[in-house]
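Bear in mind these aren't lab numbers, they're just calculated from the coordinates by the rules spelled out. Keep in mind it's a predicted model, so treat the numbers as computed, not measured. When we count neighbours, we look across all protein chains shown, and the Cβ atoms used for this are built from the backbone with ideal geometry, even at glycine.
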Amino acid sequence: MNKRIPELETSSSRKRPRDKCSEPESEPESEDAVDNPNSLSLEEDLRFNDTLLALRMMRAQFPQLEKVSVQPFVLRSQLYSSVKDRTQVDRDLESLRRDRVLRIFKLNTGQDDHAIMFLDDYMNQIDRVVKRMEEKKQSDLMVFEWFKANIIQSKLDTSIGHQELCSLLSLEGGKVKEDHISQLINAGLLIRQLIDQHMYWFSIPNIGSVLKGLAQGRKELLSFLNRRKYKEIALATLEKKRLRLSPLDMRFHLRDLIGSGHLKTLRTPTGLIVRVAKD
Amino acid sequence: MWKEIREREFGKLRPNLFTSSVSKHRLSSIQLSNSKEIISSHRASINSLQVDLTEGRYLLAGASDATVAVYDVQRASDYEGGGLIAKHKSVLLINKQHEHGHKYPVSSAIWYPIDTGLFITGSYDHHINVWDTNTTQVVMNFKMPGKVYRTAMSSLARSHMLIAAGTEDVQVRLCDIASGAFSHTLSGHRDGVMSLEWSTSSEWVLITGGCDGAIRFWDIRRAGCFRVLDQSHSQFGRRPPLLVRPSTNKKSSSAGQSSCAKVRAPHKKLNGNALKSQVKTAKQRLHPGMISSLDRATGHYGVITGLKVTDDGMYLLSAGSDSRLRLWDIESGCNTLVNFETTRLQSSKSIQMALSQDSALAFVPCMTTAKAFDMWSGQTRWTFRGHYENINCCWYNALDQELYTAGNDRQILVWSPSKLNFDEVDEWRNGQAAVTDQDNWSD
């Protein structure tokens, strides 16, 4: 396997979304000091795991969206499509989450959808939102500072209760009012839970249209394959097709659907074919 | 095979090891049985299966047309195909015509754990009936406030005879056969209870899974539940590490536990929100055992449709309508993060899962197939395809290494280890009934 620092790697072959990182064991890689003289610590270069590698690669391959500015995120099902051992993926994600390298958000498209975003990207996203609110001349943006300082660092879960939210925000010294919470909800950082009014989900701001595109793109791709006579298509043909209803590219959707088990790929003498999986 | 028997004779191989290697070998060749068939007497989907725990001989099935039937899985009622196919008809059948029978779907049918003289059925007609097997009469009847989803009795119980009943009501009721009355109710769930199991390590511990997604552990001698499983509490690996570092994960995310509620009391002055007064009065009114009802942790994002405890009492497998299976370490209450590759699990009815003898394999009904998962890595070992519609329940018979599955297509299918080739050829050549205890040289 080609050992390169993942940030520099640009994958040229889109044809095999499944075959990357399919070794089940995590391997310590030999460091190559010449490649990246700016690395902070050798430890980071010496030990990778498959999940982190896949995450970085998919983050680099996140499609460019014209209308919305969203930092790259990766869906959990996409990771499952690339890395073979799902239990290891779950465990690696959990340890990365505890080390505050990334954050996991529960999405409202489907029962068990999660989005994974690196912490730096998430902070950038929050800063963008704050900057836009400043441009609209909204005052009293202290709550966002409190949010970044207290909650993101200490509360690592996907949801938070009302009590805890207020107590953590008020640690900075200010008094937390209902308006502050409304500001956070309006900015898109928190969403009220439907089943429980005192709990909030953490969320990525400005992601609404992307999620709509995700849901519609999934439906479109699945219905396209279901309409065909044998419910399958060659990957080479599928690559060239553009989805009408989704701003995300075909590779994103393919990985997501393969990882969640709706599609499966098979090797044939003419290449890979994608087929709708029946249970 | 003979070599292993020799080694066991000489003492080189331990008997337990020999037994487990033979059963594992047989289990690995499981397929749809071509020599054994159960003739189902049901006219609607079968909801519950159980083989009795004492002899491992009688299979009890409850179906949606209010029929309950018992099948003898060891002795066939007649043979077909020149004696090669054994047909098992029902030994006992109770249907709607029975004067005290159920009138609505039977959702759960279980044997009395001590012997096969009694069995207990729970139905959507809000009744739980205790039947005498030999006379087929209802001995005792309990009326519930809602549809009964599941009943369970503890197989370890030596000092109580309680039937735990999960209904569409939020309270779990314990019915006592000895006295004929309800002994007590367990409150804490916020929606109906679809699955419940007794612990296999203690006769006093009951585990329930509700439609609100919570999995609660109850000690029936105390008030309230002593543990609620939270899917965000996780550990890596089968057991937590020996050196316990204070993990930020656990402490910060428990919202409803009593210690945290007390710590937050001085902060209330800063908040000034309307919740303050409500929680304070709620704290003053609640019995300390009931504080657990404030805990809103969920085990799954959806309804808990199935629970299964391993035989050693250390792990719990739970299935939810979010199409996920989770393996929990009971001692630490953490999610072990084993990922079972399930695409979809049925979400409207509860499913019954089975475990192999040493808990290495989990048999789970996934829509129209039953899958055998490796318990510790989550990989799918085998997929059993044979049913035409969704499978609701499965049971693993460890004595014969057979799997019974039943579902909405009204059939009970038997999956058994394939017979050895020379046995089959021998029978075909002789053309005799395959009665196993006939010697080759008897006249």
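Things to note:
- Summarising the label geometry, the points placed 7 Å from Cα in the beta-carbon direction at B:Asn34 and A:Lys278 lie 2.4 nm from one another.
- Whole-Hz ³J(HN,Hα) from phi, Karplus 6.51 cos²θ - 1.76 cosθ + 1.60, for region B:83-96, glycine and proline x: x, 8, 10, 9, 10, 10, 8, 6, 7, 9, 9, 10, 10, 5
- Residue pairs, from the table A:Lys229/B:Lys349; B:Lys103/B:Lys371; A:Lys229/A:Lys278; A:Lys219/A:Lys278, whose Cα atoms sit over 22 Å apart: A:Lys229/B:Lys349; B:Lys103/B:Lys371
- Amide H to amide H, with H built 1.01 Å from N, B:Phe384 comes under 5 Å of B:Ala370, B:Lys371, B:Ala372, counting only residues 5 or more places away or on other chains.
- Length added when fully stretched, A:Ala60-A:Leu46, from 0.36 nm per residue minus Cα-Cα: 3.0 nm
- Order of B:Glu99, B:Glu55 under a 10 Å beta carbon neighbour criterion, fewest first: B:Glu99, B:Glu55
- Using the Cβ-Cβ distance between B:Gln74 and B:Ser201 with R0 set to 22 Å, the FRET efficiency works out to roughly 0.15.
- Taking each residue as 0.36 nm, the span from B:Arg221 to B:Ile85 lengthens on full extension beyond its C-alpha to C-alpha distance by 43.9 nm.
- Span per principal axis, largest first, for the Cα atoms of region B:289-417 (Å): 47, 30, 26
- P(r), alpha carbons of region B:1-156 - 5 Å bins starting at zero, rounded %: 2, 9, 15, 17, 15, 12, 10, 8, 6, 4, 2, 1, 0
- Sorted ascending by nearby beta carbons within 10 Å, beginning with the fewest, B:Asp132, B:Asp219 become B:Asp132, B:Asp219.
- Summarising the label geometry, the points placed 7 Å from Cα in the beta-carbon direction at B:Leu93 and A:Lys212 lie 5.8 nm from one another.
- Per-residue extension of 0.36 nm, minus the Cα-Cα distance of B:Ser21 and B:Gln357, leaves a gain of 119.8 nm for this segment.
- Model label zone, B:Ala398; criterion: amide N under 20 Å from point 7 Å along Cα-to-beta-carbon; scope region B:45-85: B:49-60, B:73-74
- Pairwise FRET efficiency - A:Asp196 versus B:Thr136, Cβ, R0 = 41 Å, nearest 0.05: 0.30
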